[in-house]
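What follows is one structure encoded as structure tokens, with my remarks underneath.
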Amino acid sequence: DANGLYVLSNSGWRANWYDQEGGTDLALSCFNWQGELQWKKAFGTPGSNEMAGTLLITSDAILAGGWVRVPGQRDVAPLLIKTSLSGELDDAPFPHTTQPASTLKKLPVPLTTKTQEIVHTLALSGGGYIATAKLIGVTEDDYMACLLKINAAGNLEWVRMLSDMASRPGRICTASDGNFLVLLTQFDTGISIDQVLKLRPDGTVIWRSNIWTRTVDDIAPSGDGGCYISGSEIDGIVMHNALIMKLNADGSEAWRKPRVFFRYNTTANKISVTPDQRLVVAGEAIRADGTERGIYLAQSTLDGDVIWSRVYVRPDTVLAVQGLLATTDLHYLVAGNAEAKLTGNRDALVMKIDRWGATTWSKTFDIHLNDNSSGLLERGDTAYCMAGTTGEPLFGTRKKYGFLANIRKDGTQNGIRYYGNGNPEFSIKNLFEATADRLHFVGNRQEQYGSSSIYFGTLDPVVLSGNDLDLDAGLKLFPNPTKGTGWVELNNTFTGVIRILITGINGLPVKSIIVKKQTNNLIIPMSLKQVPSGIYQVVIWMGKVRMVKQLVVLQ
């Protein structure tokens with residue numbers, strides 16, 4: 001028109017590196033007559049591929065036509081979008097109050113990049129964080145993985161590049177020897193190469209190990225300085241099975257064991273070491289004929305031998321997994337979403353599974369339009385915290401908001417807070433407890449399509465109801481810091497079995513104690529002579545009541 005040129009195109013993993021969800025979006029751009037970009041909009045939903053077709057400009061609107069296809073399904077549906085001449089849809093306003101931007105701390109990375117996106121963050125025992133991030137420039141060759149060191153105040157200390165090739169980082173975890181383990185995918189002339197990197201605390205690489213399989217999705221530390229890896233492998237031509245691998249401390253492969261589930265394609269997207277020294281993986285389960293898409297969950301020994309495996313499906317609903325938490329009461333929490341096949345409506349999903357695979361409860365949370373739960377944290381007040389994204393319409397511009405919700409142990413919601421301004425995307429990637437029992441979280445704030453930044457936030461703990469007795473007032477942990485031997489003093493009316501579990505910052509247990517309480521006052525010794533210096537969690541169960549205290553060990 002008289003103002004310039006409109007261009008209809010595709011954007012996403014098939015077209016460029018900017019799409020966070022892995023699907024293809026329909027993109028609409030406007031240029032002036034000098035070829036300068038005026039604005040750019042993306043339309044689509046994370047679970048579908050939207051393709052461009054025809055563009056029509058009227059006196060007061062833009063009509064864009066194409067088609068949409070859900071991955072894994074053959075059928076396509078026609079698609080028609082009508083926007084204003086500035087590319088805006090008439091979306092309904094977000095109905096909830098969002099937290100002020102002043103509650104978040106932006107973290108600029110001092111490199112010339114268009115997009116700075118956090119991938120995974122790990123809290124350090126001495127305060128501060130270590131994180132993996134991807135830096136995206138104007139061209140595909142600038143899509144690079146890096147490691148960030150952030151101090152306790154949320155300020156950047158250093159940046160280490162993880163590859164000199166186009167690359168994408170994954171999860172980072174602390175090895176049992178004090179170093180770090182990182183997942184990395186490198187892209188070389190159309191070929192992707194998955195790697196595990198072992199890094200010193202200053203970010204220098206000790207070794208790289210190539211992992212040759214279909215996909216590598218997650219990593220967890222083992223007790224010998226190595227790690228466990230989860231993903232999938234090809235079985236025949238089209239079938240794929242969940243896979244668990246073990247790497248030694250030097251990066252060599254100790255073993256690999258696939259997980260075959262009859263009539264289902266399975267993946268192991270998340271892996272965790274449980275407090276009772278088991279491996280649990282969660283992932284996707286797709287029936288071979290394509291009629292069901294659900295969640296796969298399996299438990300095994302630390303040697304990779306299967307104890308049990310389960311598939312969880314719902315009629316006319318697609319279930320997807322985004323997070324996995326092995327709780328200290330020996331249950332598993334799976335976070336993700338449940339999407340209705342008929343309407344496409346997507347709700348946040350949390351399932352609690354007992355140690356033998358039976359469903360304790362399964363809850364969906366209709367927060368606002370399309371919802372997804374991506375992270376879970378066990379709280380010391382007999383509850384969980386759930387992080388996720390919401391606000392994206394069933395189809396339209398990418399206007400996302402992050403949310404943090406408190407969930408009681410029975411799965412009922414007890415409060416929620418929203419973050420972001422919806423212009424257009426805001427996501428929460430990781431959450432964890434750190435100093436003073438405050439809830440810390442980190443994510444990405446995208447000011448415009450193709451350009452984002454990293455932020456940190458904190459939230460005061462929310463006290464939830466549910467304690468059978470007021471036991472916390474009579475609990476003391478001393479001395480703190482301690483050396484050699486610590487003591488737990490309990491002064492309350494509870495009688496019965498007391499269970500104590502001491503875990504490190506990596507979540508791995510280092511000591512467990514079981515005693516019987518028959519009097520009001522009981523003092524329990526904890527021998528810590530073989531426990532390395534560091535910050536530990538002391539989890540104490542009295543019946544159904546669970547309390548968590550922090551203990552500093554000095555040797």
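The values are calculated or read from the model by the stated rules, or taken from the named source; none is laboratory data. Not measured: the values here are computed from a predicted model. Reconstructed Cβ throughout: ideal geometry from the backbone, glycine too, with neighbour counts over all protein chains shown. Ligands, DNA and RNA are excluded from the accessible area calculation, which covers all protein heavy atoms including side chains. Shrake-Rupley method; radii C 1.70, N 1.55, O 1.52, S 1.80 Å.
Confirm whether residue 89 is touching a Phe, Trp or Tyr at 6+ places or on another chain (Cβ under 9 Å) and modelled with pLDDT of 85 or more. When the stated conditions are applied, residue 89 does not pass them. Is one or more of the residues making up the range 477-494 at pLDDT below 85, open to solvent by less than 40 Å² (accessible area, probe 1.4 Å) and part of a strand (DSSP E or B)? The answer is no; no qualifying residue exists. Only strands (runs of 3 or more DSSP E) whose full extent lies in the range 172-274 are considered here, and the ones with at least 3 residues that are over 26 Å from residue 335 (Cα atoms) and touching a Phe, Trp or Tyr at 6+ places or on another chain (Cβ under 9 Å) are 191-199.
Mind counting the residues in the range 152-200 that are closer than 27 Å to residue 510 by Cα, of a type outside the set (A, V, I, L, M) and in contact (Cβ under 8 Å) with a residue 24 or more places away in the chain? It would help to see each step written out before you state the result.
If we filter the range 152-200 for residues that are closer than 27 Å to residue 510 by Cα, which is where we start, we get 152, 170-183, 196-200.
Narrowing further to those that are of a type outside the set (A, V, I, L, M): 170-171, 173-174, 176-180, 198, 200.
Within this subset, residues satisfying the condition of being in contact (Cβ under 8 Å) with a residue 24 or more places away in the chain are 170-171, 173-174, 176-177, 179-180, 198.
Selection size over the range 152-200: 9.
Which of the residues belonging to the range 525-555 are basic (Lys, Arg) and part of a strand (DSSP E or B)? If you could, list the steps in order and put the result at the bottom.
Our first condition is that a residue be basic (Lys, Arg); within the range 525-555, this holds for 529, 544, 546, 549.
If the condition is that a residue be basic (Lys, Arg) and part of a strand (DSSP E or B), then 546, 549 are the ones that fit.
Taking the listed residues 115, 98, 121, 83, the one that is open to solvent by less than 70 Å² (accessible area, probe 1.4 Å) and under 30 Å from residue 552 (Cβ atoms) is 121, with no other qualifying. When the range 30-62 is filtered for residues that are part of a strand (DSSP E or B), hydrophobic (A, V, I, L, M, F, W, C) and closer than 14 Å to residue 5 by Cα, the ones remaining, listed by number, are 30, 31, 37, 39, 55, 56, 57, 62. When restricted to residues that are among the small types (Gly, Ala, Ser) and under 19 Å from residue 245 (Cβ atoms), the range 174-207 contains 3. Going by what's in this entry, would residue 264 be described as aromatic (Phe, Trp, Tyr), open to solvent by less than 30 Å² (accessible area, probe 1.4 Å), in contact (Cβ under 8 Å) with a residue 12 or more places away in the chain and under 23 Å from residue 429 (Cβ atoms)? In short, no.
Being open to solvent by 30 Å² or more (accessible area, probe 1.4 Å) and in a loop (DSSP other than H, G, I, E, B) is the filter here; which residues of the range 305-330 pass it? Matches in the range 305-330: 305, 313, 315, 316, 329, 330.
On the basis of being part of a loop (DSSP other than H, G, I, E, B), out of contact with any helix residue (DSSP H, G or I) (no Cβ under 9 Å at 6 or more places or on another chain) and within 30 Å of residue 499 (Cβ to Cβ), does residue 289 make the cut? Taking the combined requirement at face value, the residue does not satisfy it.
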